[in-house]
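Enquirer: I'd like to ask some things about the structure below.
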Amino acid sequence: MSITATEFLSSKNPPPPHGVIVMYGPERFFRSEILHHLPGVSGEEAESAVTRLNGEHAEIREVMSELKTVSMFGDRRIVLIEDADDFVTANRPALEKYAASPAKGSLLILDVKSFPKTTKLYKLVDQHGLAVECAELTGANLLKWLQRVAKEQYGKDLDRESAALIVQLAGDGLGMLLQEVAKLASLVGEVAEITRDDVVKVVGGWRTETTWVMLDAVRDGNLNKALEALNKLMMAGEAPQKILGGVTFTFRKLAEATERARAGTPLREAISVSGIFPAAIAPSETYLRRIGFERASRILQLLIEADTEMKGGSRVDPRLLLERLFVRLAGEPVASSLA
């Protein structure tokens with residue numbers, strides 16, 4: 001059968017080990033997780049039970065001999081071939097024959113980057129063994145995976161926006177993300193939900209807390225406070241591009257809310273469905289009403305201009321570009337046409 005790595009790892013009743021298992025795809029992190037879930041492949045007992053070979057040096061005769069040899073102690077024979085693409089290419093007929101009729105009590109694990117579904121070997125493994133696709137996780141799929149990990153492994157609710165914030169702060173490396181979720185789950189203790197404030201405190205540290213203070217100050221029109229926070233971040237060596245990324249993360253949602261309001265959605269509802277954190281909905285509504293529809297409609301344009309200038313479109317110091325952006329985003333109290 002064929003299955004994705006996330007399906008295999010999240011299943012309460014994963015498929016039992018078959019005669020041949022092929023792990024394929026670009027995401028290396030899933031390999032170790034899959035092996036950890038296979039009986040007899042990980043742990044102290046695996047040191048003597050598993051024969052690990054590199055595909056560049058593995059010989060097909062040696063592999064077949066190992067798989068077909070019956071242990072006098074009745075132990076299971078497990079052969080793991082890592083980086084096996086060249087090995088598979090060089091020994092495809094023999095592997096096809098073995099996949100069709102694998103030795104009982106033995107397990108062959110092939111770790112390859114590519115495993116085309118159109119090949120005879122794939123079809124035989126799909127029919128008699130197990131093909132596990134280790135695809136990279138990006139976008140919505142990455143966030144869903146992170147939410148599922150929080151719920152299934154730690155019993156914690158993690159909303160989509162908090163998951164997105166974790167990725168923004170920690171990057172998209174799956175191993176690092178798992179560590180961050182584990183830390184967050186430990187922090188909240190018996191509480192059932194991991195909130196944005198928890199993420200800011202644990203994943204981002206003081207820099208992220210300062211960033212949120214800065215962004216809230218821009219939104220609320222308190223430029224002195226915003227520039228003071230910006231100065232702290234710059235003095236600590238925070239990259240201007242990263243600071244701009246935080247600004248974009250927050251104000252792009254306000255731009256989306258403005259467009260929804262333009263289309264007729266009530267403003268508060270437009271803000272809510274645009275992904276603004278619940279605690280920030282009321283202040284965000286106040287902000288958009290204060291700056292007015294015309295200025296709110298230019299938020300996305302201002303963010304794009306700042307990004308272009310930061311990437312070389314301007315010779316102006318990046319700090320001055322950020323300060324100018326803050327002034328433009330903060331606006332001045334004007335009559336509002338937002339409904």
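Since every read-out is calculated from the coordinates, none of them should be taken as a lab result. Just so you know, these numbers come straight off a predicted model, no measurement behind them. For neighbour counting, all protein chains shown are included, and Cβ atoms are generated from backbone atoms with ideal geometry for every residue, glycine included.
Enquirer: Tally Lys and Arg at +1 and Asp and Glu at -1 over the other residues with C-beta under 14 Å from the C-beta of Asn141: what net charge comes out?
Expert: Summing Lys and Arg as +1 and Asp and Glu as -1 gives -2.
Enquirer: Suppose the chain between His36 and Ala100 were pulled fully straight at 0.36 nm per residue; how much longer would it get relative to their current alpha carbon spacing?
Expert: Extra length from His36 to Ala100 when fully extended: 20.5 nm.
Enquirer: Continuing with this model, one more query. Would you work out which of Leu174, Pro283, Thr210 lies farthest towards the positive end of the dipole of the chain? Charges go on Cβ: Lys and Arg +1, Asp and Glu -1.
Expert: Pro283
Enquirer: For the range 2-133, compute Rh as the Kirkwood radius over C-alpha pairs and then the Stokes-Einstein diffusion coefficient at 10 °C and 1.306 mPa s; write the answer in µm²/s, rounded to an integer.
Expert: Value of D from the Cα-based Kirkwood radius: 107 µm²/s.
Enquirer: Still on this structure: Helix 160-170 against the longest principal axis of the chain: what's the angle in degrees, Cα atoms only, rounded to the nearest 10?
Expert: 80
Enquirer: Using the beta-carbon distance between Arg315 and Asn231 and R0 = 30 Å, what value does 1/(1 + (r/R0)^6) give for FRET efficiency, to the nearest 0.05?
Expert: 0.85
Enquirer: With +1 on the Cβ of every Lys and Arg and -1 on the Cβ of every Asp and Glu, and nothing else charged, how large is the dipole of the chain about its Cα centre, in debye rounded to the nearest 20?
Expert: 780
Enquirer: Would you mind calculating the gained length between Val213 and Lys12 on full extension (0.36 nm times residue separation, minus the Cα-Cα distance), in nm to one decimal?
Expert: This chain segment gains 68.1 nm when fully extended.
Enquirer: Under a point spin-label approximation (7 Å from Cα along Cα-to-Cβ), what is the Ala263-Glu294 distance to one decimal in nm?
Expert: If labels sit at Ala263 and Glu294, their model points lie 2.5 nm apart.
Enquirer: Quick one: if you take sqrt(5λ) for each eigenvalue of the C-alpha gyration tensor of the chain, what semi-axes come out, biggest first, whole angstrom?
Expert: 53, 20, 19
Enquirer: Moving on. So which residue, out of His37, His57, His18, gets the largest mean-square fluctuation from a GNM of the chain using Cα contacts under 10 Å as springs?
Expert: Fluctuation is largest for His57.
Enquirer: Determine one quarter of the surface area of the Cα convex hull of the range 137-292, which equals its mean projected area, and express it in nm² to one decimal.
Expert: 9.7
Enquirer: Next up: Please find the FRET efficiency linking Val191 to Thr138, where r is the Cβ-Cβ separation and R0 is fixed at 45 Å, and quote it to the nearest 0.05.
Expert: Details: r = 30 Å, r/R0 = 0.66.
Plugging the Cβ-Cβ distance into 1/(1 + (r/R0)^6) gives 0.95.
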